[in-house]
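Student: Take a look at the following structure, please.
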Amino acid sequence: MGSYLKVIRFQNLIFLACIQFVMRQVVLVPILQTFGFDASLDNGMLILLITSTLLIAAGGYVLNDYFDVKIDAINHPDKQIVGRKISRQTAMVMHQILTGLGILCGLALAYFGRSFTLGFIFIVVPGLLWFYSASYKRQFMIGNIVIAFLSAISILVVGITQLAFLQKEFGKLIFETPIPQQFYGWIGGFATFAFFCTWIREIIKDIEDEKGDREMECHTMPIKWGINNTKLFLYGLILITVAGLFLANEFFIHFEGTLTIRYMIFGLVLPFAALIYLIFRTKTPVDFHQASTLLKVIMIIGVLYSFLFYYLQAKTFGISLFNLFILK
């Protein structure tokens with residue numbers, strides 16, 4: 001049983017479920033409360049959304065290990081599951097079942113929400129995961145961007161789903177309110193942050209796995225450019241991410257006080273500075289694994305800003321905080 005939980009990255013799935021739940025309950029619900037709306041996506045539909053996302057993601061993880069048997073035998077022989085504890089044939093069956101169930105749940109959600117966009121997403125995403133595992137991840141940069149894009153979509157789909165059910169209930173009138181703009185502004189911000197963090201992390205993982213990738217004639221950035229040039233590219237991505245945080249605070253976040261900027265500086269900018277230092281001094285795969293772990297922590301801190309957003313939204317507009325009390 002433990003091998004099956006490991007091959008679907010059970011811990012990553014829990015993290016993904018928590019992100020989608022938080023995006024809906026801690027970001028979208030306060031926005032709806034601000035405009036006097038009740039949340040129109042009931043718990044059953046939220047569960048269906050999360051279930052579909054997790055099933056497709058789990059299928060993608062299994063598929064990735066299916067195609068990476070030879071690479072994992074070189075890079076992570078002590079952690080390899082597919083090809084050792086689980087046969088490749090079993091892994092493929094797992095992928096087909098998990099992905100098939102995920103697509104069915106996603107299409108059911110699209111049907112209930114009367115949304116072509118949702119249906120399109122839950123068909124295209126599994127396709128992208130297949131091409132990523134089979135080909136894209138071995139190509140220069142495209143695999144990194146695909147995974148970063150899918151990470152962003154996993155957040156954006158929460159807002160798309162909520163809007164679909166709002167439109168189902170209120171029609172196109174909902175688009176004459178500021179709600180869609182607020183949704184995409186905030187959810188888009190978290191999704192953009194996830195995109196850049198995931199892109200950075202995928203490049204770090206490519207450096208970590210360079211030995212096995214080179215043996216399998218992959219064309220990842222560290223192999224094409226060399227590790228030093230890849231590090232320079234990472235520094236640039238990190239600086240762009242940090243600059244984006246300050247720009248977002250300056251032009252898009254208009255809460256009174258300095259809580260947001262302080263959170264960004266101490267919770268995100270300083271850890272990003274530590275990440276740059278860690279990447280600069282890294283020499284071994286173990287060192288790069290530590291950098292990858294630090295980036296996971298940064299991503300979690302970024303998601304947790306949503307709770308500060310809820311607090312500031314409740315304080316600014318006088319809405320109830322988690323339906324418990326009103327801040328004054």
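The values are calculated or read from the model by the stated rules, or taken from the named source; none is laboratory data. Quick caveat: nothing in here was measured; it's all calculated off a predicted structure. Neighbour counts run over all protein chains shown; Cβ positions are idealised from the backbone, glycine included.
Student: Out of the residues in segment 211-227 that are touching a residue at least 24 places away in the same chain (Cβ under 8 Å) and within 27 Å of I300 (Cα to Cα), state the one that is surrounded by the most Cβ atoms within 10 Å (Cβ to Cβ).
Tutor: My answer is T220.
Student: If you take the residues in segment 1-40 that are among the polar types (S, T, N, Q) and either under 15 Å from G59 (Cβ atoms) or part of a loop (DSSP other than H, G, I, E, B) (or both), which one is farthest from the chain's Cα centre (by Cα)?
Tutor: Here the residue is S40.
Student: Take segment 246-274 and flag every residue that is in contact (Cβ under 8 Å) with a residue 60 or more places away in the chain and either assigned to a helix (DSSP H, G or I) or charged (D, E, K, R) (or both).
Tutor: If the condition is that a residue be in contact (Cβ under 8 Å) with a residue 60 or more places away in the chain and either assigned to a helix (DSSP H, G or I) or charged (D, E, K, R) (or both), then E256 is the only one that fits.
Student: Could you list, ordered by first residue, the pairs with Cβ atoms under 9 Å in which the first is in segment 184-206 and free of Cβ contacts under 8 Å to residues at least 12 places away in the same chain and the second is outside any helix (DSSP H, G or I) and crowded, with 21+ Cβ neighbours inside 10 Å, at least 6 apart or interchain?
Tutor: Close Cβ pairs satisfying both conditions: none exist.
Student: Please go through segment 205-245 and pick out each residue that is charged (D, E, K, R), touching a helix residue (DSSP H, G or I) at 6+ places or on another chain (Cβ under 6 Å) and outside any helix (DSSP H, G or I).
Tutor: Hit for segment 205-245 is D209, nothing else.
Student: Within segment 49-61, does at least one residue satisfy the condition of being outside any helix (DSSP H, G or I) and in contact (Cβ under 8 Å) with a residue 24 or more places away in the chain?
Tutor: No, segment 49-61 has no match at all.
Student: Please determine whether any residue of segment 278-287 is at pLDDT 95 or above, of a type outside the set (F, W, Y) and either surrounded by 15 or more Cβ atoms within 10 Å (Cβ to Cβ) or out of contact with any Gly (no Cβ under 7 Å at 6 or more places or on another chain) (or both).
Tutor: The answer is no, given that none of the residues of segment 278-287 is at pLDDT 95 or above, of a type outside the set (F, W, Y) and either surrounded by 15 or more Cβ atoms within 10 Å (Cβ to Cβ) or out of contact with any Gly (no Cβ under 7 Å at 6 or more places or on another chain) (or both).
Student: I would also like to ask the following. Would you check which residues across segment 244-284 are more than 30 Å from A314 (Cβ to Cβ) and within 24 Å of the chain's Cα centre (by Cα) and list them?
Tutor: Passing the criteria: A273, A274, L275, I276, L278, I279.
Student: Pick out the one residue from F131, F140 that is in a helix (DSSP H, G or I) and either free of Cβ contacts under 8 Å to residues at least 24 places away in the same chain or within 23 Å of F195 (Cβ to Cβ) (or both).
Tutor: F131
Student: Look through segment 238-247, keep the residues that are surrounded by 15 or more Cβ atoms within 10 Å (Cβ to Cβ) and among the hydrophobic types (A, V, I, L, M, F, W, C), and return whichever of them is farthest from Y263 (Cα to Cα).
Tutor: Within segment 238-247, the match that is farthest from Y263 (Cα to Cα) is I238.
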